[in-house]
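Input: a single structure, listed below in structure tokens.
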Amino acid sequence: MNNFLSNDSFIFYFIFIICGILIFIPIIGKYIRLIETMIHEFGHVIISVILGCPIKRVNLFSNTSGETIVSASKSKTFFIAFAGYPFSAAISWVCFWANAHHHQDYLLYALTILSILFLILYIRNPFGIFWTLSLIIMNSFIIYIDNAITIKILANIYACIIFIESNLSVFRLVILSLRNGVQAGDAGILYKLTHIHAIFYALLFLSINIFISYYTIIYFFPLKFI
């Protein structure tokens, strides 16, 4: 068993497959998918901060959706709404980069600090507070025990979840845009702002995700399964 645990390819693909399965399991799947939702909302937050727009609150919901409430002009709202999906895809690349360069501990620290900042500064709904607090407690415990294998496994889990869910979420957005463009999340907001149908933005997000995911796979996925 120790030989398998020391094999990076085995660890990676085993975790990737398990994460892909867990995402579709009721309750557990929704809980872990919120990791990517938090990253997505952070994309909105960071652009809001850069543009100097006051952030009223961030909500994370049990159905894996999220929202960032910001006071902004229409032009600034465009950039804020656009940021979520590309940012999430980019962070999945960063996570795999950190794992490939053996910076799993820094990745875990970064996600924990991000969760703490979100909890203190932005998250206001009860479920969002509960979920974020539970993530902070779990990460803090893993950091405290300071076991290299456990940290390595958890860092890979986070990378895989963010990668898988960032891609699945944008595919869901494409389907939702076809069904009801006005209600299609960020694409719907952009639709209302520009009067360009939501499917255009959904496909644009999809193209960006495919581009980033392609280079993530090329550079960071092990070439051999075992």
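Hey, what number do you get for the chain at 222 nm if only DSSP H runs of n ≥ 4 count, each worth -39500 (n - 2.57), divided across all residues, to the nearest 500?
Taken over the chain, the calculation gives -26000 deg cm²/dmol.
Mind jotting down a quarter of the surface of the convex hull over the alpha carbons of region 58-162, in square nanometres, one decimal?
Across all orientations, region 58-162 yields a mean hull projection of 7.2 nm².
Give the Kirkwood hydrodynamic radius (Å, one decimal) of region 1-87, defined as one over the mean of 1/r across all pairs of different Cα atoms.
Answer for region 1-87: a Kirkwood hydrodynamic radius of 15.0 Å.
Would you mind getting the accessible area per residue of the chain, heavy atoms of the protein chains only, 1.4 Å probe, in Å²?
52 Å²
P(r) of region 177-226 in 5 Å steps, Cα pairs, percent per bin?
5, 22, 20, 13, 10, 9, 8, 7, 4, 1
In region 184-226, whose amide N lies under 16 Å from the spot 7 Å out along Cα-to-Cβ of Val94? List them in ranges.
Residues 212-213, 216 qualify, since their backbone N sits under 16 Å from the label point.
Among Ile28, Asn63, Phe141, whose Cα sits farthest toward the positive end of the charge dipole of the chain (+1 at Cβ of Lys/Arg, -1 at Cβ of Asp/Glu, about the Cα centre)?
Toward the positive end, the furthest listed residue is Asn63.
For a quick size check, give me the Cα extents of the chain along its three principal axes, largest first, whole Å.
57, 36, 33
For the chain, what % of the accessible area comes from carbon and sulfur atoms, probe 1.4 Å?
72 percent
Over region 135-226, what is the relative contact order in percent, taking alpha-carbon pairs closer than 8 angstrom and at least six residues apart?
20 percent
Across region 139-204, what fraction of all alpha-carbon pairs, as a whole percent, falls in each successive 5 Å bin from zero upward?
Binned Cα distances yield the sequence 4, 18, 18, 12, 9, 8, 8, 9, 9, 4, 1.
The values are calculated or read from the model by the stated rules, or taken from the named source; none is laboratory data. Predicted model only: the values in this text are computed from it and were never measured. Methodologically, a virtual Cβ is constructed for each residue, glycine included, from the backbone with ideal geometry; neighbour enumeration extends over all protein chains shown. Keep in mind that these areas ignore ligands, DNA and RNA; they rest on the heavy atoms of the full protein, side chains included. Shrake-Rupley method; radii C 1.70, N 1.55, O 1.52, S 1.80 Å.
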